[in-house]
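Student: Sending over a structure as structure tokens; questions will come in a sec.
The values are calculated or read from the model by the stated rules, or taken from the named source; none is laboratory data. Please read these numbers as outputs of a predicted model, since none were measured by experiment. Using ideal geometry, Cβ is built from the backbone for each residue, glycine included, and neighbour counts are taken over all protein chains shown. These accessible areas exclude ligands, DNA and RNA; they are computed on the full protein's heavy atoms, side chains included. Shrake-Rupley method; radii C 1.70, N 1.55, O 1.52, S 1.80 Å.
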Amino acid sequence: MPITPQSASEANHPDAIRHELDWLAQARPLWQSDTVLGSTWCDAITPHDTQTIATELANQWAWHGEPRRLGRRFEELVTATLEAIEGVTLLRHSLPIRDGTHTLGEIDYLIEAGGVVTHLEVAIKFYAGMAEDRDRRRLDQWVGPSCQDRLDRKIHHLQSHQLPLSLSDHAAQIFAELKIPTPTQHLGVIYGYLLHPWNAPRQTPDGVNQTDLAYWCAYSDYAEAFRTLSR
């Protein structure tokens, strides 16, 4: 999902970046593969940290160019957050796992804290509920900007491909070559929003957490939806 040119200059101001970092530190994920690990991985970030990170990222993007896509921007926010958390060591980021010349996938993060190495996969997603009321309790009824991008498919990909990648023989070989400890914990986390139909009962799939409500409406319903929801 690209960031529009109209919003890019404002979005790269330190105050805007700090606001996003604060959200990352406080928000609960939509979904996580481990509820215990998922509740603590970025809780140690402080307001002073977010101010420092925001200033550094704003300067970096001013000199080298800002991220043009939302996923890349979120990735840089997560990376900077992990680097700032006291007691956490970022061992590797975006580590490709290959079988010869064929890339099997990338490991988002390998982090070490308290002597424990964790393989961390993080994503930000926005899914709209398009189905009838009861059907929206199903994961496959929540779709992204591309209809091929569905909540059930993202969760399945995390569980069946991305997280097991660090357990493969090919990953073990790369860890040994780079002298990286083998991870003993594996955590997949999805941040973002479920967009509910503005004029229908809210239905959320089991296993998905949403504390901040968001809605979608047809353009023709915008005025009525705004009046209703703003109350």
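Student: What full-extension length gain, to one decimal in nm, is calculated for Arg68 and Thr89 as 0.36 nm per residue of separation minus the Cα-Cα distance?
Tutor: 4.8 nm
Student: Another question about this same structure. Report the full-extension gain for the segment Trp216 to Gln159: residue separation times 0.36 nm, less the Cα-Cα distance, to one decimal in nm. Each step should come with its number before you reach the end.
Tutor: Working: separation 57, 0.36 × 57 = 20.52 nm, distance 2.86 nm.
Additional length available on full extension: 17.7 nm.
Student: Rounding to the nearest 10 and keeping the result within 0 to 90°, find how far the Cα-based axis of helix 169-178 lies from the longest principal axis of the chain.
Tutor: Relative to the chain, helix 169-178 is tipped by roughly 60 degrees.
Student: Separate question: For Asn59 and Glu106, what is the calculated FRET efficiency with R₀ set at 25 Å and r taken between the beta-carbons, to the nearest 0.05?
Tutor: Numbers: r = 27 Å, r/R0 = 1.08.
Efficiency for this residue pair is about 0.40.
Student: Using a 1.4 Å probe, what is the accessible area per residue for the chain, in Å²?
Tutor: Values: 13010 Å² over 231 residues.
Value for the chain: 56 Å² per residue.
Student: Roughly how many percent of the accessible protein surface of segment 78-131 is carbon and sulfur, given a 1.4 Å probe and a whole-percent answer? Display every interim value, and only then the final one.
Tutor: Values: 1100 of 2330 Å².
The computed percentage sits at 47.
Student: Round to the nearest 0.05 the FRET efficiency obtained for Ala176 and Glu132 when R0 = 45 Å and r is the Cβ-Cβ distance. Let's see the in-between values first.
Tutor: Working: r = 52 Å, r/R0 = 1.16.
With R0 = 45 Å, the Cβ-Cβ based efficiency is 0.30.
Student: Here's a follow-up. Can you find, among Thr46, Ala84, Leu139, the residue sitting farthest towards the positive end of the charge dipole of the chain, where Lys and Arg contribute +1 and Asp and Glu -1 at Cβ?
Tutor: Value computed over the given set: Leu139.
Student: Label-point separation (nm) for Thr46 and Arg98, each offset 7 Å from Cα along Cα-to-Cβ?
Tutor: 4.2
Student: Under a Cβ-only charge scheme (Lys and Arg +1, Asp and Glu -1), can you give me the dipole magnitude of the chain about the Cα centre, in debye to the nearest 20? Spell out each step's value before the answer.
Tutor: Numbers: 20 positive and 30 negative charges, 115 e Å.
For the chain, the charge dipole is close to 560 debye.
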